[in-house]
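Visitor: One structure, as structure tokens, below. Some questions next.
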Amino acid sequence: MSKDAVPDSAVEGRNDNLAAPEGTLGADIGLINLQPTRRQNWTALAAVAALAIAVAAVAPFAATPLPRFAAFIPFLNATILVTDLITAILLFGHFSISRLRGLLVLSGGYLFTALIVIPHALTFPGAFSETGLLGAGLQTTAWLYIFWHLGFPISLGIYACLKDEPYGVQGSMSSAIGWCVALIVSLVLALVWAAVVWDRYLPRLFLSASGLTPLGTYIPFFDLIICALALACLWGHRRSVLDLWLMVVACALIGELALTVVRFSLGFYVSRILSLATSTIVLVILLTETTGSYTRLARANLMLRRERENKLMNLEAVVASISHEVKQPLATIVMRGSTALRFLGHSPPDLGKARSALNNIVSEGHRASQIFDNIRDLFRAHNQELKPIDVNDMALRVLDTMQGELMERRIETRAELMPGLPVVWGHRGQLQEVILNLIRNAIEAMDAVGSGRVLRLTTEKRPNDGISIKVIDSGPGISPEKLDTIFDAFVTSKAQGMGLGLAICRLIVERHGGQLLAFSNLGSGAQFEINLPIMRPDAAAN
């Protein structure tokens with residue numbers, strides 16, 4: 001029943017927003033612009049088929065008299081009053097967002113139905129009194145029924161013609177809704193007054209409380225024709241979930257009017273049940289889609305919160321990584337500065353050693369500056385600039401940088417570097433920081449042993465055309481339960497650690513197309529192995 005076929009890729013249960021009419025505010029929100037899914041199309045078609053089958057099954061026996069049960073009408077009309085009033089309120093809410101005149105007319109149509117069923121029930125013969133309340137005559141209730149089933153399909157047709165207009169209602173929404181409500185209330189009061197006061201002058205529809213005139217038999221078909229025209233207008237302008245189910249409502253109205261015969265017959269009772277269906281269909285869809293919208297909104301809000309938390313965690317990780325990396329050269333600068341002051345305080349001052357300490361301070365200052373560049377390059381989205389690197393030279397430079405700290409901690413250093421290694425392609429500063437981190441971790445690990453502190457730094461060529469760099473310490477080793485998570489972010493065994501050093505090291509190595517591994521033997525130390533490819537990582541990918 002949809003104007004355009006729903007794509008095969010449409011996901012069941014999902015509604016896609018259509019383009020909003022130009023000049024409207026928020027017109028892409030709500031049922032007015034939600035395209036029906038294939039499942040909704042089939043569900044609506046099944047509902048129309050069920051209505052058609054029910055009407056066809058009842059039509060041959062519609063005139064069969066049944067027991068008189070006038071109290072059925074007040075109960076039914078009270079239900080219609082509540083459902084149509086809620087529907088009107090929800091539609092007014094959608095209008096306040098979309099500003100579409102058609103939606104304002106439709107809201108007024110449901111309000112009209114909700115109000116006119118009140119006098120219809122009060123004036124129905126036998127419901128509250130033998131002849132009905134409000135001074136009703138024999139024709140009053142019948143004409144109120146005709147007005148009821150004439151006004152609502154007219155609102156459907158006007159809605160269909162106005163809903164695609166390019167410009168919505170301007171000005172205050174409260175004022176527009178207020179004027180609409182006042183107009184509908186005035187119209188209902190005028191029709192009730194006419195049906196009661198002009199009862200004797202109106203065309204005769206009933207000869208008695210249940211006896212129809214020939215005009216009374218055929219005039220419901222005039223309302224039926226109006227409903228058919230409204231259905232045709234909806235079909236010609238259909239494009240949303242609301243349009244789809246309003247067409248089902250129009251079909252139910254047609255079925256109801258087709259079965260309108262003598263009161264208290266089978267067709268009479270079935271037609272009244274169909275009138276209840278016409279008032280509840282759109283309400284159920286409104287509530288269902290509104291609930292779904294709130295559910296999707298809640299999920300979207302939850303996802304936004306998670307994304308915000310993830311961004312905060314990423315920011316925290318960046319700040320922590322900067323802090324983690326910069327603390328090392330800063331600590332060295334402070335230590336070298338204290339050493340230089342101590343040498344200058346000698347009598348006479350030891351200028352040679354002081355100069356050496358100051359040179360180390362300058363070197364560490366440059367390294368601190370380089371750390372910021374390295375971290376910036378690490379978090380860049382584009383490819384890094386790769387250069388050929390002599391692994392042995394890089395390893396010796398790192399050992400030279402750490403030599404003072406190694407000596408102070410009484411750690412024996414053994415450099416076992418294989419000569420003639422081919423160069424690797426990468427970011428020298430980042431790979432150097434990886435080795436520095438691993439050596440510093442090894443130094444801190446060996447603080448737990450009293451003697452026999454040995455640090456081995458080895459390089460070798462791997463059989464699979466790669467280069468391996470190993471940092472081996474003689475510390476207590478890594479426990480098996482921590483070995484599996486040692487490279488995870490925010491996982492640390494240090495009291496003051498952030499748990500980011502090894503995570504960043506692994507990220508750097510993987511960015512270079514390599515692999516960072518950890519091995520351990522409890523009581524005999526730990527080994528970290530950096531495996532790097534010889535060819536450029538981007539060349540390997542090609």
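Visitor: Suppose we keep only residues that are small (Gly, Ala, Ser) and out of contact with any strand residue (DSSP E or B) (no Cβ under 6 Å at 6 or more places or on another chain) within segment 415-445. Which one would you say is nearest to Ala331 (Cα to Cα)?
Guide: Among those that are small (Gly, Ala, Ser) and out of contact with any strand residue (DSSP E or B) (no Cβ under 6 Å at 6 or more places or on another chain), it is Gly429.
Visitor: Ok, one more. So which of Ala381, Ala448 is modelled with pLDDT under 85, among the aliphatic types (A, V, I, L, M), touching a Gly at 6+ places or on another chain (Cβ under 8 Å) and over 29 Å from Ala340 (Cβ atoms)?
Guide: Ala448
Visitor: Collect the residues in segment 196-234 that are loosely packed, with under 13 Cβ neighbours inside 10 Å and assigned to a strand (DSSP E or B), keeping them in residue-number order.
Guide: none
Visitor: Turning to a different aspect of this structure: Scanning for something modelled with pLDDT of 95 or more, among the aliphatic types (A, V, I, L, M), under 22 Å from Ile146 (Cα atoms) and crowded, with 20+ Cβ neighbours inside 10 Å, does segment 163-183 turn up at least one residue?
Guide: No, segment 163-183 contains no residue that is modelled with pLDDT of 95 or more, among the aliphatic types (A, V, I, L, M), under 22 Å from Ile146 (Cα atoms) and crowded, with 20+ Cβ neighbours inside 10 Å.
Visitor: Exactly one of these conditions fails for Gly513: (1) at pLDDT 80 or above; (2) more than 37 Å from the chain's Cα centre (by Cα). Give me its number.
Guide: Failed condition: (2).
Visitor: Mind counting the residues in segment 438-468 that are part of a loop (DSSP other than H, G, I, E, B) and closer than 13 Å to Arg409 by Cα?
Guide: Result for segment 438-468: 7.
Visitor: What number of residues within segment 462-475 satisfy the criterion of being over 17 Å from Val423 (Cβ atoms) and surrounded by 18 or more Cβ atoms within 10 Å (Cβ to Cβ)?
Guide: 6
Visitor: Right, another one. How many residues are without any contact (Cβ under 8 Å) to a residue 60 or more places away in the chain, in a helix (DSSP H, G or I) and out of contact with any helix residue (DSSP H, G or I) (no Cβ under 6 Å at 6 or more places or on another chain) if we restrict to segment 405-431?
Guide: 4
Visitor: Considering each residue of segment 407-425, count those that are exposed (fewer than 13 other Cβ atoms within 10 Å of the Cβ) and within 26 Å of Gly514 (Cβ to Cβ), and give that number.
Guide: Counting residues in segment 407-425 that are exposed (fewer than 13 other Cβ atoms within 10 Å of the Cβ) and within 26 Å of Gly514 (Cβ to Cβ) gives 4.
Visitor: Out of Ile435, Ile361, I need the residue that is among the aliphatic types (A, V, I, L, M), modelled with pLDDT of 90 or more and surrounded by 15 or more Cβ atoms within 10 Å (Cβ to Cβ). Which one?
Guide: Only one candidate passes the filter, namely Ile435.
The values are calculated or read from the model by the stated rules, or taken from the named source; none is laboratory data. The shown structure was predicted, so the numbers you read here are calculated from the model rather than taken from an experiment. Glycine gets a Cβ as well: all are built from the backbone with ideal geometry, and neighbour counts include every protein chain shown.
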